[in-house]
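In what follows, a structure is listed as structure tokens, so that the remarks can point back to it.
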Amino acid sequence: MGTLTEEIFSRRLGRPVHAGEIVVAPVDYAMAHDVTGPLAIEAFRKLEVPLWDPERVIMVFDHILPANTVASAGLHKIVRDFADEFGVTHVFQEGICHQLMVEKGFIRPGGIVVGADSHSTTYGALGCFSAGFGSTDIAVTFATGKTWFRVPETIRINLRGALPPGIFPKDLALKVIRLLGAEGANYLAVEWGGEAVEAMRVDERLTLANLTVDFGGKAGLCEPDEQTRLYLGDADVVDLHPVQPEYRQLLEVDAETLEPQIACPPAIDNVQDLSAVEGTRLDEVFVGSCANGRIEDLAIVADYFRGRQVHSRTRTIVVPASKAIYMEALARGYIQTFMEAGALVMNAGCGPCLGRQHGVLGPGERALSTSNRNYAGRMGSAQAEIYLANPAVAAASALAGMIADPRSIAHSENPPPRPSPARGEGDIPVGGVN
């Protein structure tokens, strides 16, 4: 009995588990990508043991895809050779690891999943305890199928009311970061709840869970409900909810009074109302990332771009989060809309988010991004500036060539369609390990 986190660990270990305990728990899956994977593989080889379960190890090429240097090609080869040697079958090069983990059916409510990437908190949107680990810890998980946790205390964030037009989950997350600071949830689990969350689709909840780590959270969870069942296409979703929980902190946020929030350089907790930075000139706008690269995000941007041109001074880069999303965007005509508007559309993956390719910022340049980090040097030069915002703000700003309020631009009154999740061929609906 307890928080969502305590409930998950209690079910997994078959006994009551409370915050503060140090436990060793089996995991459903362990994931690494083309940057963290080689480090995990190096550490794993030093253990000189068999791989725990090649069906439960996930490797993804997404951060530097395709390889843009000889060095990055070498990293890719390390991962491919490892997968061939140990029979790892879940090897993907079709989008961002966090999107694929959800799309491919690896994430289930009540599960425990670890990834060698900090934004592995994303999967908590489905009621799965998921956390980012260092490559050495992932290597041990590769060997044993288990890892240790200090079960975290929990902050409960209740988002009251309905989101007004032009306001999105990104704004709610940035508002919370503004209130708590970049370290406000250090090694704490975060439960996202309240009326606004209950009304959200799963793709919107993924944004909240994704950004949890950016104010220090160990995990970010939403309670599984009918939206979760709809998204998974499965009525057999574990009945998981807090039971007489004891929270470290309870934070109430009013969604209905919120205006678009902008994270300004040089840190994600330097959050301002849009009106405070409106008119700031931009050299680049990036739409994508594991925070806001899903089909629903692309629908928002396409709606603003349709029949318009992006500003000639502001290069605009669109990167779908996965191949399935890219193909859906093609089918809906969004890709054509982006290109006709003058935007550049790149292959599915992380794109410019980490400053390796597809739009690196130069000294003195300024970008607005739908991603999740804006520290100096994140997208290229340490002398560049990065602003973070929701997809509608990104679209309006690309058109204006400066930070702009999307609520002042006429666009379709039809809301973006709310499809079921795209599933790839060969997906495996896998439940939690008992």
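On the basis of being buried (at least 24 other Cβ atoms within 10 Å of the Cβ) and either of a type in the set (Gly, Ala, Ser) or in contact with a Ser or Thr (Cβ under 8 Å, 6 or more places away or on another chain) (or both), does Leu344 make the cut? No. Please find, within segment 347-401, the residue that is farthest from Thr314 (Cα to Cα) out of those that are touching a Lys or Arg at 6+ places or on another chain (Cβ under 7 Å) and charged (D, E, K, R). Among those residues, the one meeting the criterion is Glu385.
Residue by residue, here is whether (1) at pLDDT below 95; (2) among the aromatic types (Phe, Trp, Tyr); (3) closer than 25 Å to Pro391 by Cα holds:
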residue	(1), (2), (3)
Leu126	no, no, yes
Asp137	no, no, no
Val140	no, no, no
Gly145	no, no, no
Arg156	no, no, no
Pro164	yes, no, yes
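In this structure, does Leu251 turn out to be touching a residue at least 24 places away in the same chain (Cβ under 8 Å) and within 22 Å of Thr5 (Cα to Cα)? For Leu251, the condition - touching a residue at least 24 places away in the same chain (Cβ under 8 Å) and within 22 Å of Thr5 (Cα to Cα) - is met.
Out of all the residues in segment 50-71, is one or more among the basic types (Lys, Arg) and either free of Cβ contacts under 8 Å to residues at least 24 places away in the same chain or on the phi > 0 side of the Ramachandran plot (or both)? No - not one qualifying residue is present in segment 50-71. Going by the structure shown, is Leu282 hydrophobic (A, V, I, L, M, F, W, C), farther than 22 Å from Ser120 by Cα and crowded, with 21+ Cβ neighbours inside 10 Å? Considered against the rule, which asks whether it is hydrophobic (A, V, I, L, M, F, W, C), farther than 22 Å from Ser120 by Cα and crowded, with 21+ Cβ neighbours inside 10 Å, Leu282 comes out as yes. Taking the conditions (1) closer than 20 Å to Met101 by Cβ; (2) modelled with pLDDT of 95 or more; (3) crowded, with 20+ Cβ neighbours inside 10 Å; (4) among the hydrophobic types (A, V, I, L, M, F, W, C) in turn, Cys353 satisfies each one other than (2). One residue stands out among those in segment 373-412 that are part of a loop (DSSP other than H, G, I, E, B) and in contact with a strand residue (DSSP E or B) (Cβ under 7 Å, 6 or more places away or on another chain): the one that is surrounded by the fewest Cβ atoms within 10 Å (Cβ to Cβ), which is Ser381. For segment 1-34, the set of residues classified as touching a His at 6+ places or on another chain (Cβ under 9 Å) and free of Cβ contacts under 8 Å to residues at least 60 places away in the same chain consists of Ser10, Asp34, listed by residue number.
For segment 283-329, a residue qualifies if it is of a type in the set (S, T, N, Q) and either in a loop (DSSP other than H, G, I, E, B) or on the phi < 0 side of the Ramachandran plot (or both), and the qualifying residues are Asn292, Gln309, Ser312, Thr314, Thr316, Ser322. For Val271, the stated conditions do not hold, so it cannot be described as more than 18 Å from Thr207 (Cα to Cα) and of a type in the set (A, V, I, L, M, F, W, C). The set of residues in segment 214-235 that are without any contact (Cβ under 8 Å) to a residue 60 or more places away in the chain, closer than 25 Å to Pro152 by Cα and either touching a Cys at 6+ places or on another chain (Cβ under 7 Å) or not in a helix (DSSP H, G or I) (or both) comprises Gly216, Asp225.
Going by what's in this entry, would Ser397 be described as of a type in the set (S, T, N, Q) and either assigned by TED's automatic domain parsing to the domain that holds Pro165 or over 22 Å from Glu296 (Cβ atoms) (or both)? So Ser397 fails the test. Here Arg150, Arg160 are screened, and the one residue that is of a type in the set (Lys, Arg) and under 30 Å from Glu195 (Cα atoms) is Arg160.
The values are calculated or read from the model by the stated rules, or taken from the named source; none is laboratory data. Predicted model, so just to flag it, every value in this text is computed and none were measured. Glycine also receives a Cβ, built like all others from the backbone with ideal geometry; neighbour counts cover every protein chain displayed.
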